[in-house]
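In what follows, a single structure is set out as structure tokens and then discussed.
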Amino acid sequence: MKKEVCLITGGAGFIGSHLARKLLSENRTVICVDNFTLGKKENIEDCLDNEDFKFIEADVSDVDVFSKLLENEGVQRIYHLAANSDIQKSAKEPGKDFKNTFSTTYSVLEGMRRNNIHKLFFASTSAVYGDKTGINVSETQGSLAPISYYGGAKLASEAFISSYSYMNELEVLIFRFPNVIGPGLTHGVIFDFIRKLKKNPTELEILGDGTQCKPYLYVIDLVDAIYDFSIKERKGVEVFNVGVEDATTVKEIADLVCERMGLSDVQYKYTGGNVGWKGDVPSFQYDLSKIHETGWKPAHTSNNSVRDTLKNVNIEVL
């Protein structure tokens, strides 16, 4: 039986590289496309000798380039993960999200249309909901109002996916997930805290007031769900919130980082306010009823995700 050919955009990134290994373990042929803007070759080093793995260095946002590379690869399913994942950085440079988040989505959709490919997974985000503090947001939540450029680009991408799906009879799975952490993570609050404490192990600056509270999803749990749900047959677009039932505060992350670094006498200095930066959502929680009804639940809680991530961080090299 011929193996299904799957293409991952952003395949050398944090989530993409984990997904590549998962697909290979499930007897798929994997084509990884990345331009190394955020992805790293070392993330896929262990895949390069696998005869079922192929790497193509290309800019997914270039629609003609991407459409051309699809022509002779026999791709049957695309996992679109290419995006700007550093929300704090794009707050100062909105063009990053237009190019790397929205334009890559348009390019993928147009490439699928030109090459008669019909199966798509899209990595969306909780950021499409905007600031819904105090509300357990469901997939049917109205008044989606992103407050970050990243969230806006992802919501615009979802809109284009909806129209392309209808016009071209695509089968699409969309996961909206929160912060994803785990082995191979390269940036975010955990790393910010570690770097600050390496410079000054007696004091830690914390953006906001430390009460910001968000769910953290372990990357292995996410990747397992992506695979299990993406291979099911569907018509049109299906959207799931994917996450954990609990959440972790910024202060709790600071405590866990200090514990991991063996620091017991650190003074926290808060910058004040309930957000870390403009566009940051101070607290967030999903309604996970829809995905729980399928029987899926993550193996890690939010706090356990943070702890297990810290276990895999090589503090010395940061």
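Quick note: the coordinates plus some simple rules give every number you see, no bench work behind them. What you see is a predicted model, and the numbers here were worked out from it, not measured in a lab. Glycine gets a Cβ as well: all are built from the backbone with ideal geometry, and neighbour counts include every protein chain shown.
With +1 assigned to the C-beta of every Lys and Arg and -1 to the C-beta of every Asp and Glu, and no other charges, what is the dipole magnitude of the chain about the Cα centre in debye, to the nearest 20?
Working: 36 positive and 44 negative charges, 58 e Å.
Value, rounded to 20: 280 debye.
Can you tell me how much longer the chain between Glu205 and Asn50 gets when fully stretched, taken as 0.36 nm per residue apart minus their C-alpha distance, in nm with one decimal? Write out the running numbers ahead of the final one.
Working: separation 155, 0.36 × 155 = 55.80 nm, distance 4.43 nm.
Stretched out fully, the Glu205 to Asn50 stretch lengthens by 51.4 nm.
Counting only DSSP beta bridges with both residues in the chain, what percent are antiparallel, rounded to the nearest 5?
5
Can you figure out the FRET efficiency of Asp246 with Arg113, using R₀ = 35 Å and their beta-carbon distance, to the nearest 0.05?
Details: r = 41 Å, r/R0 = 1.17.
Efficiency at R0 = 35 Å is approximately 0.30.
Before anything else, pin down the relative contact order of the chain: Cα pairs under 8 Å, at least 6 apart, normalised by residue count, whole percent. Display every interim value, and only then the final one.
Values: 626 pairs, mean separation 56.9, N = 318.
Result for the chain is 18 percent.
Take the alpha carbon atoms of segment 1-42, find their center, do the same for segment 61-88, and report the distance between the two centers in whole angstrom.
Rounded to whole Å, the Cα centres lie 11 Å apart.
Go ahead and collect, in residue order, the members of segment 203-229 whose backbone nitrogen is under 17 Å from a label point 7 Å along the Cα-Cβ direction of Gln267.
Correct set: 203-207.
Once Rh is set to the Kirkwood radius over Cα pairs, what Stokes-Einstein translational diffusion coefficient, in µm²/s, holds for the chain at a temperature of 25 °C and a viscosity of 0.890 mPa s? Can you show the working numbers first?
Numbers: Rh = 20.1 Å.
In µm²/s, the coefficient rounds to 122.
Could you work out how far helix 104-115 tilts from the main Cα principal axis of the chain, as a 0 to 90 degree angle to the nearest 10?
Roughly 10 degrees, rounded to the nearest 10.
Let me know the Kirkwood hydrodynamic radius for segment 197-318, please, with Cα pairs as the basis and the value in Å to one decimal. Could the numbers behind the result be given before it?
Details: mean 1/r = 0.0604 Å⁻¹.
Result for segment 197-318, one decimal place: 16.5 Å.
From the mean inverse distance of alpha carbon pairs (Kirkwood) and the Cα radius of gyration, derive Rg over Rh for segment 144-196.
Reported Rg/Rh (Cα atoms, Kirkwood Rh): 1.15.
Jot down the per residue volume, in cubic angstrom and as a whole number, of the convex hull over the alpha-carbon atoms of segment 3-87.
Values: hull volume 7.1 nm³, N = 85.
Considering the Cα atoms of segment 3-87, their hull volume per residue is 84 Å³.
Subtract the Cα-Cα distance of Lys89 and Phe160 from 0.36 nm times their separation in residues, and report this length gain in nm to one decimal.
Values: separation 71, 0.36 × 71 = 25.56 nm, distance 2.47 nm.
Contour length minus the Cα-Cα distance gives 23.1 nm.
Report the gain in length on full extension from Glu293 to Asn274: 0.36 nm times residue separation, minus Cα-Cα distance, nm rounded to one decimal.
On the way: separation 19, 0.36 × 19 = 6.84 nm, distance 3.36 nm.
So the chain would gain 3.5 nm between Glu293 and Asn274.
Of all the C-alpha pairs in segment 34-165, what % are more than 18 Å from each other? Working shown, then result.
Values: 5065 of 8646 pairs.
The calculated P(r) of segment 34-165 puts 59 percent of pairs beyond 18 Å.
Trypsin sites (Lys or Arg not before Pro), restricted to segment 222-318: which are DSSP loop and have at most 14 other Cβ atoms within 10 Å? Could the numbers behind the result be given before it?
Details: sites: Lys232, Arg234, Lys235, Lys251, Arg260, Lys269, Lys278, Lys290, Arg307, Lys311; in loops: Lys232, Arg234, Lys235, Lys278.
Those that pass, being in a loop and sparsely packed, are Lys232, Arg234, Lys235, Lys278.
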